[in-house]
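Worksheet for the structure shown next.
Values quoted throughout were computed directly from the atomic coordinates according to the rules given, and no laboratory measurement underlies them. Everything quoted here is computed from the prediction, not taken from an experiment. Here Cβ is always computed from backbone atoms with ideal geometry, including for glycine, and neighbour counts include all displayed protein chains.
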């Protein structure tokens, strides 16, 4: 099986690519910028080869996967136009150049891009661009008679996550003892270990559905608050986290009560890593034994 992954050097991309290679797939990763100079364990190429028309790979891949996403943050602000380019234009052009009727397309989105679980009720320019891509893919699948699976994630965590994401922030606060400013902490969340996310994407690839377009969510239907997460981390690592609850405001679009989900869970969905074990594994990576 030949697989193309846009965003292959990202957190989910690396884990998915490595699992696919382990299972015997021939993986080609695509990224913005020069992919050389880093040992990845799979071939990686500059997506501008495709975007500027230098090359096309319409008949090269059995599966094409889009994991590309970029959003604006306080630390790294980017314009709405650039977000649309990263989250819609580049993936759209990439898919057009790497798919034929025989290609299965996998796209990933973030469920909380839509406020209150309402499709089209996007929270920001990132959500708007991701929603636009999903609408395009649904039309694309019918027009091209191609199978498309749109997978929605909540929050991923695991070794290699960005330091600024919540779980690494909390674990580093537990290790350092320094105070961490958090919202009041009553918002609901859901966590899926990154390797479990990758395994479920592979399950989707291997599914036998005849539907041209399907959309599914990838998480357990049980939620917990940020305060619950802090308590779980403290229990798992046996360290107290010095939290300043209410030290910063809510972002304004958090899930305070469980939202309705206008799609089904991936039929083959399963998890292998419990939250307790996942936290302990990350903690061990941050605090390697000196024995």
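Can you give the relative contact order of the chain as a percent, counting alpha carbon pairs under 8 Å and 6+ residues apart? Present the calculation step by step, with values, prior to reporting the outcome.
On the way: 504 pairs, mean separation 50.3, N = 291.
Reported relative contact order: 17 percent.
Remind me, what semi-axes does segment 217-258 give for its equivalent ellipsoid, largest first in whole Å, using sqrt of 5 times each Cα gyration tensor eigenvalue? Numbers along the way, then the final one.
Details: eigenvalues 91, 64, 9 Å².
Largest first, segment 217-258 gives 21, 18, 7 Å.
Sort all Cα-Cα distances of segment 247-291 into consecutive 5 angstrom bins from zero, then give the percent of pairs in each bin up to the one containing the longest distance.
Percent of Cα pairs in each bin: 5, 12, 11, 11, 15, 21, 14, 6, 4, 2, 0.
Run the helix sum for the chain: -39,500 (n - 2.57) per DSSP H stretch of 4+ residues, divided by residue count, reported at 222 nm to the nearest 500 deg cm²/dmol. It would help to have the intermediate numbers written out before the result.
Numbers: 9 runs with 97 residues, N = 291.
That calculation yields -10000 deg cm²/dmol at 222 nm.
Using Cα-Cα distances under 8 Å and only pairs 6 or more residues apart, what relative contact order does segment 64-119 have, in percent?
Details: 33 pairs, mean separation 26.0, N = 56.
In percent, rounded to a whole number, it is 46.
Any chance you could run the full-extension gain for residue 49 through residue 96? It's 0.36 nm times the residue separation minus the Cα-Cα distance, nm to one decimal. Before the final figure, lay out the partial values.
Values: separation 47, 0.36 × 47 = 16.92 nm, distance 1.34 nm.
Contour length minus Cα-Cα distance gives 15.6 nm.
How compact is segment 37-76 by the rule of thumb for globular proteins, expressed as Cα Rg over 2.2 N^0.38 Å? Walk me through the intermediate numbers first.
On the way: Rg = 14.1 Å, N = 40, 2.2 N^0.38 = 8.9 Å.
Ratio of Rg to 2.2 N^0.38 Å for segment 37-76: 1.57.
Consider all pairwise Cα distances in segment 24-166 and report the whole-number % of them above 21 Å.
Details: 4979 of 10153 pairs.
Here the long-distance tail beyond 21 Å is 49 percent of all Cα pairs in segment 24-166.
Using only C-alpha positions, report the orientation-averaged shadow area of the convex hull of segment 144-207, nm², one decimal.
On the way: hull surface 26.3 nm².
Reported value for the Cα convex hull: 6.6 nm².
For segment 96-153, what is the convex hull volume of the alpha-carbon atoms per residue, in Å³? Don't skip to the answer; put the middle values down first.
Numbers: hull volume 4.4 nm³, N = 58.
About 76 Å³ per residue, rounded to a whole number.
How much length, in nm to one decimal, is gained on full extension between residue 206 and residue 72, taken as 0.36 nm per residue of separation minus their Cα-Cα distance? Present the calculation step by step, with values, prior to reporting the outcome.
On the way: separation 134, 0.36 × 134 = 48.24 nm, distance 3.42 nm.
Full-extension gain reported as 44.8 nm.
Given the convex hull over the Cα atoms of segment 81-227, what projected area results after averaging over all orientations, in nm²? Display every interim value, and only then the final one.
Numbers: hull surface 42.0 nm².
With the hull built on Cα positions only, its mean projection is 10.5 nm².
So how compact is segment 198-241: Cα radius of gyration and Dmax in angstrom?
17.4, 51
Equivalent-ellipsoid semi-axes (√(5λ), Cα gyration tensor) for segment 179-221, whole Å, largest first? Let's see the in-between values first.
Numbers: eigenvalues 213, 34, 10 Å².
They are 33, 13, 7 Å, listed largest first.
How high is the FRET efficiency between residue 248 and residue 224 when r is their beta carbon distance and R₀ equals 22 Å, given to the nearest 0.05? Walk me through the intermediate numbers first.
Numbers: r = 20 Å, r/R0 = 0.91.
That pair, residue 248 with residue 224, gives E of 0.65.
Could you work out, for segment 156-289, what percent of all Cα-Cα pairs fall into each 5 Å distance bin, beginning at 0 Å and stopping at the bin that holds the largest distance?
Spelled out per bin, shortest first, that is 2, 9, 17, 20, 18, 14, 9, 6, 3, 1, 0.
So how much slack lies between residue 280 and residue 143, counting 0.36 nm per residue of separation and subtracting their Cα-Cα distance, in nm? Each step should come with its number before you reach the end.
Values: separation 137, 0.36 × 137 = 49.32 nm, distance 4.71 nm.
Result for the pair: 44.6 nm of gain on full extension.
Find the Cα radius of gyration of the chain, compare it with 2.2 N^0.38 Å by division, and give the number to two decimals. The partial results should precede the final answer.
Values: Rg = 19.4 Å, N = 291, 2.2 N^0.38 = 19.0 Å.
Dividing the Cα Rg of the chain by 2.2 N^0.38 Å gives 1.02.
I'd like to compare 248-255, 180-187: which one has the highest average count of other Cβ atoms within 10 Å, and what's the full order after that? Can you show the working numbers first?
On the way: 248-255: 12.8, 180-187: 15.6.
Ranking the peptides 248-255, 180-187 by packing returns 180-187, 248-255.
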